[in-house]
Amino acid sequence: KDLILKKAREVCICSHQTIITFFYQLFPVLDWLPRYNVKTQLLGDVISGILVGIVAIPQSISYSLLANQDPIYGIYTNFFCNIIYVAMATSRHNSVGSFGVLCLMIGQSVNRHLQLAGYSDDSAGSLPVGNSTFSSNRTGTCDRSCYAITVALSLSFLVGLYQILLGALQLGFVAVYLSEPLLSGFVTGSCLTIITSQMKYLLGLKIPRHEGVGSFILTWVDLFRFIQNTNICDLITSLVALAIIVPVKEINDRYKERMKAPFPVELLVVIVATVISHYFNFQGRYKSAVCGDIPTGFRKPTLPDINLFSSLAVDALPIAVIGFAMTVSLAEIFGKKHGYTVRANQEMIAIGMCNLIPSFFYCFASSAALTKTLLKESTGTQTQVSGLITSLVLLLVLLWIAPLFYSLQTSILGVVTIVNLRGGLRKFRDTPRMWQLSKLDTVVWWTTMLSSTLISTEIGLLVGVCFALLCIIFRTQRPRATLLGKVGNTEIYEDQSTYKQLSSIANIKIFRFESSLYYANKDYFKTVLYQKTGVNPILLAAKRQRVEAQANADTGNSKSFFSTKSDCLKQAKKRPEKPPADACPPSVDMHTLILDCGAMQFIDTVGLSVLKDTHHDYKEIGVQLLLANCNPSIRHRLREG
């Protein structure tokens, strides 16, 4: 009680300095902005912010399509979250906004709730009309588009709430359970699912959007079933856009060190495609799907729908985990590269605020985006002031430019989405190298990727985490175990199966178990110990008892039994010939067994019992058991036990 009260007083002390420190930690901008050097930092931030803003325009619109939302809401999301992240982030290089994997998961949740609410599939795949949402509130009704953003902003509120709670409770360590192979496999599997979902836009097909288990396979079945209904105009437009964007993006990647800034080919293709579609009337002539009306300005803030929280609570959890995992990992990567520290818990609070506050302004969930972060870092950003410049670029779109994208074909948006997934698909080329380094990590990657693709994204993430944890358990359950030999005249002992010319000590065997001893590997410990030493004390003791019983039955008295045993021992010592197995008790070629406990971090109660049993069993056959290299915690456990 006294200790708890003492700690509580230390934490709850409120003073002027404590309040200042609290706000400086919660809003890092208060620390670095007064020290901002306009002469040396502003130019790089402005250039980087403008370039990221240019790239964010087509991505905002295309990722809205992926999240099953109107284009305007993608621009809202990227605009608001950049402003909030500037004030609360400790990373100088992260660029936040709509992220493909999160948009896929948001779109799946939104579509599921639309079906539960009885809304149609909106002509089986076309984009909702933007101004219908704006007019819906005036009439007091909520159409399909209105309900879709209501679900998305309620989901974003819960995602932000989860992330803020994790950061406030100092639970940033949760991200360590999402290993790099697991995240990589999940992103690659999600990329395949995203590409599948965008194929109907590239072909101009109107097919339903499948959700849940097996949606990947069902979507491809529908694509081939309705392939004869392909819109030729959309197909040709998609192929031309791919033929232009992909080579230019490859050139940007190959010569990024020589180029001051990458060529904004996506924005150029979007502008040209919009102009051509407008003047040749692709919508009227060829029935091509277009974005439609995109309103300008901002909407009045709204509250999330509390009635949806119970059904969205589970959907929000994996989105929150993936969002903060991507944000924290990217922040730590670039922080280490450029020599500054990043606070993981503060990053979680920052990205949580980027989801919580914008949910009142018709935004969906966001996180740090890999492609924009790489672009931001490569174009010379110095601080998060570049995020403000990006928001200013998007503000121009929101106020004046957005309606000009009325004739933009959805097939172009699908192409932009697919092209930005090239990084995830390139992970397939890394798997042979990964297999050489670690076969278990490769299996984790393939398991997560296949389950995310063939089952569903949420279940795939859960399967990946569980399988990765099982791999860790498997590694400790069946660890490496070896017999040690002495190196020459030194006191160094190494593995006899790995090193040559090691000398063994007569009648002494040294056994190393390269893991902690606990309940999951107790049986394996005994098995491999008996196998390596060649002595199973339980079987050996049983054989001796049988031999003694047989000898006792033959002689009928203890005197003749002892004489027989003595004669047998003399024969074994002189070894003129090998005695029959059933005539003499089996002999042991060692008198001491040493367990090297240097690799053992801990021993639980079951492991302690195993050591007791092993000591007793070997003592029964005349072999003493010694322990070496025990750390203090193990020695304490041995004394207590």
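Among the residues of region 209-221, is there at least one that is touching a Phe, Trp or Tyr at 6+ places or on another chain (Cβ under 8 Å) and in a helix (DSSP H, G or I)? No, the conditions are met nowhere in region 209-221. With respect to being assigned to a helix (DSSP H, G or I), free of Cβ contacts under 8 Å to residues at least 60 places away in the same chain and open to solvent by less than 40 Å² (accessible area, probe 1.4 Å), Thr417 falls outside the description.
No other residue among Thr490, Thr447 is within 30 Å of Ser516 (Cβ to Cβ), open to solvent by 30 Å² or more (accessible area, probe 1.4 Å) and outside the structural domain of Gly607 (by the TED database) apart from Thr447.
Residue-by-condition table, conditions (1) acidic (Asp, Glu); (2) closer than 21 Å to Thr410 by Cβ; (3) open to solvent by 20 Å² or more (accessible area, probe 1.4 Å); (4) modelled with pLDDT under 50:
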site: Gly97; (1), (2), (3), (4): no, yes, no, no
site: Leu102; (1), (2), (3), (4): no, yes, no, no
site: Ile106; (1), (2), (3), (4): no, yes, no, no
site: Asn131; (1), (2), (3), (4): no, yes, yes, yes
site: Thr141; (1), (2), (3), (4): no, no, yes, no
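Against the definition (part of a helix (DSSP H, G or I), within 20 Å of Thr381 (Cα to Cα) and open to solvent by less than 30 Å² (accessible area, probe 1.4 Å)), how does Gly323 come out, yes or no? Judged against the criteria, Gly323 is not a match. Candidates are the residues of region 519-555 that are basic (Lys, Arg) and farther than 18 Å from Thr592 by Cα; the one that is surrounded by the fewest Cβ atoms within 10 Å (Cβ to Cβ) is Arg546. For region 222-242, filtered to residues that are part of a helix (DSSP H, G or I) and polar (S, T, N, Q), the residue that is nearest to the chain's Cα centre (by Cα) is Ser238.
Might you check whether a residue that is in contact (Cβ under 8 Å) with a residue 24 or more places away in the chain, in contact with a His (Cβ under 9 Å, 6 or more places away or on another chain) and surrounded by 20 or more Cβ atoms within 10 Å (Cβ to Cβ) occurs anywhere in region 365-374? Checked region 365-374: at least one residue is in contact (Cβ under 8 Å) with a residue 24 or more places away in the chain, in contact with a His (Cβ under 9 Å, 6 or more places away or on another chain) and surrounded by 20 or more Cβ atoms within 10 Å (Cβ to Cβ).
The residues of region 272-317 that are surrounded by 13 or more Cβ atoms within 10 Å (Cβ to Cβ) and of a type in the set (Val, Ile, Thr), listed by number, are Val272, Thr274, Val275, Ile276, Val290, Ile294, Thr302. Applying a threshold of 7 Å to beta carbon distances and a minimum spacing of six or more residues, or different chains, the list of pairs starting in region 165-188 at a residue that is among the β-branched types (Val, Ile, Thr) and ending at one that is part of a helix (DSSP H, G or I) reads Val174/Leu166; Val187/Val101; Val187/Gly424; Thr188/Gly424; Thr188/Leu425; Thr188/Lys427; Thr188/Met449.
Across region 355-364, not a single residue is classified as closer than 15 Å to Ser91 by Cβ and assigned by the TED database to the domain that holds Gly53. Would a scan of region 48-55 turn up a residue that is at pLDDT 85 or above, open to solvent by less than 60 Å² (accessible area, probe 1.4 Å) and more than 31 Å from the chain's Cα centre (by Cα)? No: region 48-55 contains no residue that is at pLDDT 85 or above, open to solvent by less than 60 Å² (accessible area, probe 1.4 Å) and more than 31 Å from the chain's Cα centre (by Cα). Determine whether region 375-385 contains at least one residue that is open to solvent by 10 Å² or more (accessible area, probe 1.4 Å), more than 29 Å from Arg258 (Cβ to Cβ) and not in a loop (DSSP other than H, G, I, E, B). The answer is no, given that none of the residues of region 375-385 is open to solvent by 10 Å² or more (accessible area, probe 1.4 Å), more than 29 Å from Arg258 (Cβ to Cβ) and not in a loop (DSSP other than H, G, I, E, B). If I filter region 215-238 for residues that are closer than 26 Å to Cys81 by Cα and open to solvent by less than 50 Å² (accessible area, probe 1.4 Å), do I get at least one hit? No.
Val419 meets each of the listed conditions (1) hydrophobic (A, V, I, L, M, F, W, C); (2) under 15 Å from Val240 (Cα atoms); (3) at pLDDT 90 or above apart from (3).
Here is a yes/no grid of residues against (1) in a helix (DSSP H, G or I); (2) free of Cβ contacts under 8 Å to residues at least 60 places away in the same chain; (3) open to solvent by 60 Å² or more (accessible area, probe 1.4 Å):
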{"residue": "Gln601", "(1), (2), (3)": "no, no, yes"}
{"residue": "Gly622", "(1), (2), (3)": "no, yes, no"}
{"residue": "Ile634", "(1), (2), (3)": "yes, yes, no"}
{"residue": "Arg639", "(1), (2), (3)": "yes, yes, yes"}
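Entry remark, region 450-465: residues being farther than 16 Å from Ser215 by Cβ and either over 12 Å from the mean Cα position of the chain (by Cα) or open to solvent by less than 10 Å² (accessible area, probe 1.4 Å) (or both) number 1 in total. When the residues of region 252-271 are filtered to those that are in a helix (DSSP H, G or I) and surrounded by 14 or more Cβ atoms within 10 Å (Cβ to Cβ), the one that is farthest from the chain's Cα centre (by Cα) is Ile271.
Could you count how many residues in region 354-364 are surrounded by 24 or more Cβ atoms within 10 Å (Cβ to Cβ) and in contact with a Pro (Cβ under 9 Å, 6 or more places away or on another chain)? Residues flagged as surrounded by 24 or more Cβ atoms within 10 Å (Cβ to Cβ) and in contact with a Pro (Cβ under 9 Å, 6 or more places away or on another chain) within region 354-364 amount to 3.
The values are calculated or read from the model by the stated rules, or taken from the named source; none is laboratory data. Nothing here was measured: the structure is a model prediction, and the numbers come from that model. Note that each Cβ is placed from the backbone with ideal geometry, even for glycine, and that neighbours are counted across all protein chains shown. Heavy atoms of the whole protein, side chains included, go into the accessibility calculation; ligands, DNA and RNA do not. Shrake-Rupley method; radii C 1.70, N 1.55, O 1.52, S 1.80 Å.
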